[in-house]
Amino acid sequence: MSARKTSLTDKQTKNGTSKYVLERCASINEYYDIAFKVMLLGDSSVGKTCVLVRFKDGAFLGGNFIATVGIDFRNKVVDVDNLKVKLQIWDTAGQERFRSVTHAYYRDAQGNLCFLYFTSSCFCVCAWLTEIHEYAQKDVVIMLLGNKVSKASFLHYEYGVPFMETSAKTGVNVELAFLAIAKELKHRVTQQPNEPKFQIHDYIESQKQKSGCCGL
Ligand SMILES: Nc1nc2c(ncn2[C@@H]2O[C@H](COP(=O)(O)OP(=O)(O)OP(=O)(O)O)[C@@H](O)[C@H]2O)c(=O)[nH]1
């Protein structure tokens, strides 16, 4: 892990910014109202880093595959219902040998998000959901993203969590995935008693683009 990442982690531990941040925060480059921590989880090479780069920079990292070592992060502020929501997105290494490093980052996940990317294997999905339930807080928001795959649309019925197909290459549904999570988390914090609950499934279904079978 780089020095920059280490110092941010220390800062988070001291001032609690890894939990919901409800006060207004401002800096020269970045202004936001609420901050959430999002984790990208999944086997190595499913495309976690590429999806994050697509979301953050609008580009596709093609070419040689370079596996993530340990953990990395990027921040992005998105607009949700007139609020600036900062997502601090942690890109974990999918390789088994880094698993103990990433487990430490689940701990503060109350109300935050664990993103799950997977191949078409149900075994992988079960294994990752088991990890999340073991290490993350109980109310963590979970979404399954099938990056590079197009045959797993039935999965959310089985696991009871939102599912969508994404492509870091074409950009299909990448923005929507992060926006849906940001909206869900924002509603959890700001929801008034008489306000209807945000329906993340319905939101995704109404917004998502169908990816074709080619070019994913
Ligand atoms: N065709 C296609 N290739 C992709 C897509 N997303 C990622 N890739 C490729 O898949 C490979 C792995 O992508 P990464 O994003 O580095 O994978 P990762 O899940 O972060 O892997 P770890 O860091 O080991 O956990 C790279 O060669 C990418 O170019 C996609 O949507 N479509």
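The values are calculated or read from the model by the stated rules, or taken from the named source; none is laboratory data. Values in this document were obtained by computation on a predicted structure and should not be read as measured data. All Cβ positions, glycine included, derive from the backbone under ideal geometry; neighbour counts span all protein chains shown. Protein only, heavy atoms only, side chains kept; ligands, DNA and RNA dropped before computing areas. Shrake-Rupley method; radii C 1.70, N 1.55, O 1.52, S 1.80 Å.
Values as computed for the structure displayed
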item: Single residue of the stretch 68-103 satisfying the filter (out of contact with any helix residue (DSSP H, G or I) (no Cβ under 9 Å at 6 or more places or on another chain) and not charged (D, E, K, R)) that is farthest from the ligand (Cβ to nearest atom); result: Asn82
item: Contacts under 6 angstrom Cβ, first residue in the stretch 37-49 being over 18 Å from Lys169 (Cβ atoms), partner among the basic types (Lys, Arg) and open to solvent by 10 Å² or more (accessible area, probe 1.4 Å), 6 or more apart; result: none
item: Unique match (being at pLDDT 90 or above, open to solvent by 10 Å² or more (accessible area, probe 1.4 Å) and polar (S, T, N, Q)) among Gln110, Gln95; result: Gln95
